[in-house]
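To keep things clear, I will list the structure first and then write my remarks on it.
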Amino acid sequence: MDPRMKQLYQELIIDHNKSPRNFREMDDSDYESKGHNPLCGDKLQLYVKIDSENIITDVSFTGDGCAISKASASMMTTAVKGKTIAEARTLFHQFHDMSTGKLDIAEHPHQLGKLAIFAGVRDLPARVKCATLAWHTLDAALKGKEIITTE
Ligand code: ZN
């Protein structure tokens, strides 16, 4: 990772851990899913609210996990809020392919924005599941699955 990206990565991880965005329960969610990464011990519960036009009007999470899983969940919620389900799925696939090394974001166009700071986890295989947990949980919630595990 180049030094500037590395610094931005560290700043964002620290910031989103200190004050995670959309970190709360939701009483009137349309979809809920629990995600578990047994390898690291990350656990989160995700709540999603969808309007009649398939737009994600609200999304929140609770749970506990390592810094990367928490920061990734926090940034995921801010990234997909206001997006359609289809747009959120596209982001999920791009994020997944970036963090597993299938998508080289330096060479291919993408919509990841700030989420691109997680590109470095592809060199840290043990952390890939931490970074993608919230996204897998979102995908599961949108498919109506209640529990997912990365194993
Ligand atoms: Zn973790």
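What follows is calculated from the coordinates using simple rules that are stated; it is not laboratory data. All values derive from a computational prediction rather than experimental measurement. Because the Cβ atoms are built from the backbone with ideal geometry, glycine has one as well, and the counts that use them run over all protein chains shown.
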³J(HN,Hα) computed for each position of segment 10-27 - Karplus, 6.51 cos²θ - 1.76 cosθ + 1.60, integer Hz, glycine/proline x: 5, 4, 5, 4, 5, 4, 6, 7, 5, 9, x, 7, 6, 8, 6, 7, 10, 7
Given 20 °C and 1.002 mPa s, compute D for segment 1-42 with the Stokes-Einstein relation, Rh being the Kirkwood radius over Cα pairs; round to the nearest whole µm²/s. 161
Whole-Å distance linking the alpha carbon centroid of segment 95-151 with that of segment 1-62 is 12
Pairwise label distance in nanometres, L124 with T78, each label 7 Å out on the Cα-Cβ vector: 1.9
Normalising by the residue count of the chain, find the relative contact order in percent from Cα pairs under 8 Å and 6+ residues apart. 30
Return the Cα extents of the chain along principal axes one, two and three, sorted largest first, each rounded to a whole Å. 43, 32, 29
Filtered pair list for segment 11-88 (Lys only, Cα < 20 Å, 8 or more apart or interchain) has a length of 10
Provide the per-residue ³J(HN,Hα) series for segment 61-72, in order, calculated from phi with Karplus coefficients 6.51, -1.76, 1.60 and θ = phi - 60°, each as a whole number of Hz, with x at glycine and proline positions. 8, 9, x, 9, x, 6, 4, 5, 5, 6, 5, 5
